[in-house]
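Colleague: One structure, as structure tokens, below. Some questions next.
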Amino acid sequence: MTEQYAELRGRLVVGRKSDGRSVYYEAAKKELIVACLKQGVSVARMAMEHGINTNLLRTWITAYQRRSAEVSAGDIARAQDAAFVAVHVEGKQRSE
């Protein structure tokens with residue numbers, strides 16, 4: 001594990017809930033997710049090195065990718081909407 005990821009492990013868990021579940025620091029969680037998305041990185045190894053469940057990390061990654069896709073789709077929709085502006089023209093009406 002590199003030193004960058006060693007200090008990330010120390011910042012990841014910020015507390016525990018009354019039922020024993022961990023509370024995670026959002027910024028550190030995002031760093032871990034982005035690190036896992038790099039080419040050739042093993043999600044299982046990253047999870048083991050950071051002391052979290054592999055399935056939990058995979059869930060975080062999936063949620064992150066869905067949020068990113070939704071934001072991208074929203075940007076595309078806004079750009080397409082901005083390209084068309086309806087214009088109402090008043091004047092003579094043609095009779096057919």
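The values are calculated or read from the model by the stated rules, or taken from the named source; none is laboratory data. Remember, predicted model here, so these are calculated numbers, not experimental data. Surface accessibility is based on the protein's heavy atoms, side chains included, excluding ligands, DNA and RNA. Shrake-Rupley method; radii C 1.70, N 1.55, O 1.52, S 1.80 Å.
Colleague: Give me a count of the residues in the range 35-49 that are open to solvent by 80 Å² or more (accessible area, probe 1.4 Å) and part of a helix (DSSP H, G or I). First the steps, then the outcome.
Modeller: From the range 35-49, those open to solvent by 80 Å² or more (accessible area, probe 1.4 Å) are 38-40, 45, 48; that's our starting set.
If we keep only those that are part of a helix (DSSP H, G or I) too, we end up with 45, 48.
Looking only at that region, the number is 2.
Colleague: Do the conditions hold for residue 20, that is, is it open to solvent by 60 Å² or more (accessible area, probe 1.4 Å), on the phi > 0 side of the Ramachandran plot and over 18 Å from the mean Cα position of the chain (by Cα)? Spell out the reasoning first.
Modeller: Working: open to solvent by 60 Å² or more (accessible area, probe 1.4 Å): no; on the phi > 0 side of the Ramachandran plot: yes; over 18 Å from the mean Cα position of the chain (by Cα): yes.
So residue 20 does not fit the description; no.
Colleague: May I ask you to verify whether residue 52 is of a type outside the set (Asp, Glu), over 11 Å from the mean Cα position of the chain (by Cα) and either open to solvent by 100 Å² or more (accessible area, probe 1.4 Å) or modelled with pLDDT under 85 (or both)? Please lay out each step first, then the result.
Modeller: Values: of a type outside the set (Asp, Glu): yes; over 11 Å from the mean Cα position of the chain (by Cα): yes; either open to solvent by 100 Å² or more (accessible area, probe 1.4 Å) or modelled with pLDDT under 85 (or both): no.
When the stated conditions are applied, residue 52 does not pass them.
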